[in-house]
Amino acid sequence: MSDYFSHIPKIQFEGKGTTNPFAFRHYNPDEIIMGKTMREHLRFGAPYWHVMRNDLSDPFGAGTALMPWDDGSDSLENALKRVPVFFEFLNKIDIDYYCWHDRDISPEGKTLAETHSNLAAVCDALESEQKAHGKKLLWGTSCLFSHPRYSQGAATSPDANVYAYAASNVKHALEQTHRLGGEGYTFWGGREGYATLLNTDMKRELDHLAAFFHMAVDHAKKIGYTGQFYIEPKPMEPSTHQYDSDSAACLNFLREYNLLDHFKLNLETNHATLAGHTMQHEMDVALGANALGSIDANQGDELIGWDTDQFPTDIYMATHVMVRILKMGGFTTGGLNFDAKRRRESHELEDLFHAHVGGMDTFARGLKIAAKIVEDGRFDELVGQRYSSFDNGIGADVEAGKTTLDSLDAFAHSIQAPVVASGRQEMLENLLNDYIV
Ligand code: XUL
Ligand code: CO
């Protein structure tokens, strides 16, 4: 058991009135909301990459994060030293799930075989820590974007040898995810796209990407892995354009290549923003296809056009997210993974806790407000009324596929010129504010 956070108390619920910054004001894990505990609803996860590996460097300056357990080397020994520290953190903050990329947890070796044996060695350590502390793996993934060999893509690389290397990494990451009881396996294609179309055969790359995913699905079957595959959409950064640019693009790809039965989406708030969408837009597109799987919970900065991966503090956004999660009946394999990092200025160990406390309290508030909204049903009622002309008569015929242009033409001639009712946007915004405050 490591002891790097002994100066920080275990974070517990103290309620709204507390002045203790190391306490939850809203996240009360055992409180029942709509028949389930907050812990069961929210299924918080912490990402190994931000908590353990992000030194808070940016393109203009070196890392600032204090990591007294880390010798700065990329050795297996150092990788193994990080594992108990991460579980000490999960225990103190009371987060049940975590996520990793293979390269966050274990270093690349001198050979491919050594790389895979490093991964297996760290997963041995993760497995025993998971068991000792009752923690679970939300999802695993392979980092197919950092190493220079993947600079032109992995499953969409123009080089078949690189493609094979990527497949080898996924095979091993998937097998280790399976062995750790991972509830999901994610593909985020940061380099699966292009820098310029001048050198790109897009159709060929997409065919290769689909073949890659089919091989992953087949391999999961072969090893008996029944977890959920996810694609995580993002429009750009690091590539100029990424093929998985948003929910709609992912769903189209999955349908076209016959993969929709095997994949759901892992939606990230800041990626939605980069795509020029709201998170609720991305969620509604996914929900329409029964493909909403999991959430990377963070938020962007309104003034910086990057994926700044900030901790979620926006109660409106958390409310919109949780309304949708409640309406879909809750997460099954998914959860709320804080794909978020501290600001470069927040480099001390205690900042890790302030950041997660804030994110957890924000979603706890979102959940409580969303429960009121869903239970009251006012929004559903108002939206239902807005479409009520489709409940019977000619509208119901349209929905039942019973109309033609001829029959609608005849109907249109038989009625007074229609006057559409107000959309009542401002009234609905006021109603939302009534729930939030
Ligand atoms: C990058 C991002 C990734 C994925 C996993 O923007 O969100 O960390 O979540 O590869
Ligand atoms: Co993410």
(message) Given a 1.4 angstrom probe, what's the average accessible area per residue across region 12-376, in square angstrom?
(response) 40 Å²
(message) What distance in nm separates the two pseudo spin-label positions at Val383 and Ala412, each 7 Å out from Cα along the beta-carbon direction?
(response) 2.8 nm
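Longest exposed-loop-site-free stretch of the chain, with trypsin sites (Lys or Arg not before Pro), DSSP loop and at most 15 other Cβ within 10 Å?
Result, exposed sites excluded: 111-342.
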(message) I want to make sure I understand the PRE zone here: with the label point 7 angstrom from the Cα of Lys81 toward its beta carbon, which residues in region 329-343 have backbone N atoms less than 19 Å away?
(response) none
(message) Given points 7 Å out from each Cα along the Cα-Cβ axis, report the Leu405 to Met215 separation in nanometres with one decimal.
(response) 4.7 nm
(message) So, R0 is 41 Å and r is the distance between the beta-carbons of Arg39 and Ser146; what FRET efficiency does that work out to, to 0.05?
(response) 0.80
(request) Calculate the spin-label point distance for Lys327 paired with Glu114, positioning each point 7 Å from the Cα along the beta-carbon direction, and give it in nanometres. (result) 5.4 nm
(request) With a ≥ b ≥ c taken as the square roots of the eigenvalues of the C-alpha gyration tensor of region 301-437, please select rounded if a/c is under 1.5 and otherwise prolate if a/b is larger than b/c or oblate if it is not? (result) prolate
(request) Give me the number: length gained by fully extending Ala396 to Asp201, i.e. 0.36 nm times residue separation minus the C-alpha to C-alpha distance, one decimal in nm. (result) 65.6 nm
(message) Can you tell me what share of the DSSP beta bridges in the chain is antiparallel? A percent to the nearest 5 is fine.
(response) 20 percent
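If I take R0 = 30 Å and measure r between the Cβ atoms of Arg344 and Thr19 in this structure, what FRET efficiency does the formula 1/(1 + (r/R0)^6) give, to the nearest 0.05?
Step by step, r from the Cβ atoms, then E = 0.65.
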(message) Tell me the carbon and sulfur percent of the accessible area for the chain, rounded to whole percent, probe radius 1.4 Å.
(response) 52 percent
(request) Return the long-range amide H neighbours of Ile33 (sequence gap of 5 or more, or a different chain), with a cut-off of under 5 Å between placed amide H atoms. (result) Met38
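In terms of the Cα gyration tensor, with a ≥ b ≥ c the square roots of its eigenvalues, is region 224-361 rounded because a/c is under 1.5, prolate because a/b exceeds b/c, or oblate? Can you show the working numbers first?
On the way: a/c = 1.84, a/b = 1.47, b/c = 1.25.
Since a/c reaches 1.5 and a/b is larger than b/c, the shape of region 224-361 is classed as prolate.
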(request) With a Förster radius of 30 Å, plug the Cβ-Cβ distance of Glu237 and Ala121 into 1/(1 + (r/R0)^6) and report the FRET value to the nearest 0.05. (result) 0.40
(message) Suppose we flag chymotrypsin sites (Phe, Trp or Tyr not before Pro) only when DSSP calls them loop and at most 10 other Cβ atoms lie within 10 Å. Which is the longest uninterrupted stretch of the chain?
(response) 61-386
(request) Select from region 269-351 those GluC sites (Glu not before Pro) which occupy a DSSP coil region and have at most 16 other Cβ atoms within 10 Å, ordered by residue number. (result) Glu302, Glu345, Glu348
(request) Could you give the spread of the C-alpha atoms of region 8-90 along their three principal axes, from largest to smallest, in whole angstroms? (result) 47, 26, 26
(request) State whether region 195-294 is rounded, prolate or oblate according to the following rule on the C-alpha gyration tensor (a ≥ b ≥ c being the square roots of its eigenvalues): a/c under 1.5 gives rounded; otherwise a/b larger than b/c gives prolate, and the remaining case gives oblate. (result) oblate
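The values are calculated or read from the model by the stated rules, or taken from the named source; none is laboratory data. These numbers were taken from a predicted model, which means no experiment stands behind them. All Cβ positions, even for glycine, are placed from backbone atoms using ideal geometry, and neighbour counts span all protein chains on display. Heavy atoms of the whole protein, side chains included, go into the accessibility calculation; ligands, DNA and RNA do not. Shrake-Rupley method; radii C 1.70, N 1.55, O 1.52, S 1.80 Å.
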